[in-house]
């Protein structure tokens, strides 16, 4: 999911960077309204937690293990606006320190995983969960929030890859950036996330949310804002 | 007398939580991840903090470094010729010589990342299925071409010269970008680097969030390491996956609670130091003639790379 340097043309990464900056400005305003004085340490904590979640391997049913992108989980735990900022901070630190995701692609990666993904996850979670606090429904909502948000973000990434040969090619018609066109990039990204990574993301999100629901339901942002017992 | 030993160390684990024989535990994959990340963070922290005034690159004003970094990253992204990318690699290697860093260690890391993201991801583009052209090395002969849905598979599949050029270009771009970012982060302490980013009008509030997150990450990494050491020391045999999932989820909840405590303490500390809702970071040293000369040289170098 992390787009490296060299795959996206400036025609793609510059506009995405602009959209990302706009989204972050809105998110900062919203979080400042929600936690007026404490927003700085709160966001710092959320960002560090996001970073750690992304490196946390969890055993998944079937014997293997995997780690989540974590955007859906962070959106459920901290809310979509705080998730936007905290996941972005985590992604920027990852790109700078670990080379995981490109520097020029920071705007695109943050847009896909820190803006689009938490918003979609939050929408799906609220759609399935409604105002219910029934544990099984919450867990199902968390699974689909994790699964679908990752799959949709992967397809979006596939589109960003796939349009490169169309918008940035040399005089000889060869691709200057990502060489895979839409008919290769979209299926490649969609299939692996539909069948494998999406399920891992969904399972991990559901497992952790289930644990939080059992132990400290009040810590979940979604239930701090609204909700009634079923 | 009340015991100071934690309760979980005094209670016996239920037998159904274990599976298999005593001996090797299934904790290794978690341990490897945690150890790997914690180690990378530790190296970065030590390198950046000890960078101080130890080398020519480290002594430069962070604002100069950040401006040069952004300019060169854009140049690398805009350049398409292999000759230019190789020249950039040469220039970066010279810069590393002046950085006082352990070049073997840093380049090992750069090569690994470049291989994963620059070569492995791009490698299929070398085939004529993705990049049509004259086949250099034939891999499979299917007898006749095949068409299904929107895809066309030629009769002979092989590596093309055009495809190799594309793979080499992507590899070099990734290699140079990663080299440049490592040169920057390994030669500048993180707080100074963040302050330098103010030149792009990033609000101090957001920079402060970065700085706090960076500090918290170190604290949380140490917590994770200690937690796993404590858990590992109690594992005498394999435990069931279900139990392991519960333990890992429990650690995440524990980390969340720990993060909340850190956040509350930080906020209390900020209040006690007179924080009233507005953050103003102290400014960096002013740019000197040396810094301006470095920027001019970088600008000329970037232009030369673009013209090559």
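Between B:210, B:218, which is within 30 Å of residue A:43 (Cβ to Cβ), modelled with pLDDT under 80, within 10 Å of chain A (Cβ to nearest Cβ) and in a helix (DSSP H, G or I)?
B:218
Tally up the residues in region A:45-92 that are closer than 29 Å to residue B:183 by Cα and modelled with pLDDT of 85 or more, please.
Qualifying residue count for the region: 9.
Here is a list: B:112, B:97, B:136, B:101. Which entry is surrounded by fewer than 17 Cβ atoms within 10 Å (Cβ to Cβ), away from chain A (no Cβ under 11 Å) and within 30 Å of residue B:183 (Cα to Cα)?
Details: B:112 fails: away from chain A (no Cβ under 11 Å); B:136 fails: within 30 Å of residue B:183 (Cα to Cα); B:101 fails: surrounded by fewer than 17 Cβ atoms within 10 Å (Cβ to Cβ).
Only one candidate passes the filter, namely B:97.
Quick check: anything in region A:104-120 in contact with a helix residue (DSSP H, G or I) (Cβ under 8 Å, 6 or more places away or on another chain), outside any helix (DSSP H, G or I) and buried (at least 23 other Cβ atoms within 10 Å of the Cβ)?
The answer is yes, given that some residue of region A:104-120 is in contact with a helix residue (DSSP H, G or I) (Cβ under 8 Å, 6 or more places away or on another chain), outside any helix (DSSP H, G or I) and buried (at least 23 other Cβ atoms within 10 Å of the Cβ).
Out of B:178, B:167, B:185, which single residue is more than 7 Å from chain A (Cβ to nearest Cβ), in a helix (DSSP H, G or I), in contact with a helix residue (DSSP H, G or I) (Cβ under 8 Å, 6 or more places away or on another chain) and surrounded by 19 or more Cβ atoms within 10 Å (Cβ to Cβ)? Show your work before the answer.
On the way: B:178 fails: more than 7 Å from chain A (Cβ to nearest Cβ); B:185 fails: more than 7 Å from chain A (Cβ to nearest Cβ).
Of B:178, B:167, B:185, the one residue that is more than 7 Å from chain A (Cβ to nearest Cβ), in a helix (DSSP H, G or I), in contact with a helix residue (DSSP H, G or I) (Cβ under 8 Å, 6 or more places away or on another chain) and surrounded by 19 or more Cβ atoms within 10 Å (Cβ to Cβ) is B:167.
Can you tell me which of (1) assigned to a helix (DSSP H, G or I); (2) modelled with pLDDT under 70 is the one residue B:283 doesn't meet?
Going through the list (1) assigned to a helix (DSSP H, G or I); (2) modelled with pLDDT under 70, residue B:283 breaks only (1).
Could you check, for region B:122-140, whether at least one of its residues is modelled with pLDDT of 85 or more and under 30 Å from residue B:59 (Cα atoms)?
Within region B:122-140, none of the residues are modelled with pLDDT of 85 or more and under 30 Å from residue B:59 (Cα atoms).
Only residues in region A:4-16 that are free of Cβ contacts under 8 Å to residues at least 24 places away in the same chain and at the interface with chain B (Cβ under 8 Å from one of its Cβ atoms) count as the first member; pair them with residues that are outside any helix (DSSP H, G or I) and surrounded by fewer than 22 Cβ atoms within 10 Å (Cβ to Cβ), Cβ under 8 angstrom, at least 6 apart or cross-chain, and list the lot.
That search, which allows pairs on different chains as well, returns nothing.
Considering only region A:168-181, I want to know if a residue exists there that is in a helix (DSSP H, G or I) and surrounded by fewer than 22 Cβ atoms within 10 Å (Cβ to Cβ).
No, the conditions are met nowhere in region A:168-181.
Kindly indicate whether residue B:118 is in contact with a helix residue (DSSP H, G or I) (Cβ under 8 Å, 6 or more places away or on another chain) and assigned to a loop (DSSP other than H, G, I, E, B). I'd like the intermediate steps shown before the answer.
Details: in contact with a helix residue (DSSP H, G or I) (Cβ under 8 Å, 6 or more places away or on another chain): yes; assigned to a loop (DSSP other than H, G, I, E, B): no.
Taking the combined requirement at face value, the residue does not satisfy it.
Which of the numbered conditions does residue A:133 fail, given that it passes all the others? Conditions: (1) in contact with a helix residue (DSSP H, G or I) (Cβ under 6 Å, 6 or more places away or on another chain); (2) modelled with pLDDT under 90.
Only one criterion in (1) in contact with a helix residue (DSSP H, G or I) (Cβ under 6 Å, 6 or more places away or on another chain); (2) modelled with pLDDT under 90 is unmet by residue A:133, namely (1).
The values are calculated or read from the model by the stated rules, or taken from the named source; none is laboratory data. Keep in mind the model is a prediction, meaning the values are calculated, not measured. Neighbour counts are summed over all protein chains in view; Cβ atoms, including those assigned to glycine, are modelled from backbone coordinates with ideal geometry.
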